Amino acid sequence: MNRLLLLALLTLLPGTSRAFDANESDRQRHIIISALIVGSAYVVTEDLTTSVLIGLGLGVGKELYDEANNKGGRFDTQDLAADVAGIGIGFLWVKKF
């Protein structure tokens, strides 16, 4: 039952949240998306360690992509720190359920 509730929250949150408005900061989006990734991965894998590693891997991968494919792009450690904060929130969220 808890997994079903978590899945429902994950599917409803992006549609009702103002987190994806253009005026919100990039760091806030990194935090929210990373938390959602950890929660979503947990619903699929049912393993918290795997879920955290998926979130971290996607965050690092995104920064590597930005560095390689954007003119003047760089690996942004502040974005990665925001991802880690979001992963921590996702971890605590999953542990709560």
Quiz prompt | Computed over region 18-97: relative contact order in percent, which uses C-alpha pairs under 8 Å that are six or more apart | solution = 41 percent
Practice problem: For D26, put the label point 7 Å out on the Cα→Cβ axis and report which residues of region 71-97 keep their amide N under 13 Å from it. | Solution: 71-83
Quiz item: Using the Karplus equation 6.51 cos²θ - 1.76 cosθ + 1.60 (θ = phi - 60°), what ³J(HN,Hα) coupling, rounded to whole Hz, does each residue of region 29-40 give in order, writing x for Gly and Pro?
Solution: 5, 4, 4, 5, 5, 5, 4, 5, 4, 4, x, 5
Self-check item: Stretch gain in nm, segment Q78-Y65, where the contour uses 0.36 nm per residue and the Cα spacing is subtracted
Solution: 3.1 nm
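No lab work stands behind these numbers, since they all come straight from the coordinates. Nothing here was measured: the structure is a model prediction, and the numbers come from that model. Reconstructed Cβ throughout: ideal geometry from the backbone, glycine too, with neighbour counts over all protein chains shown.
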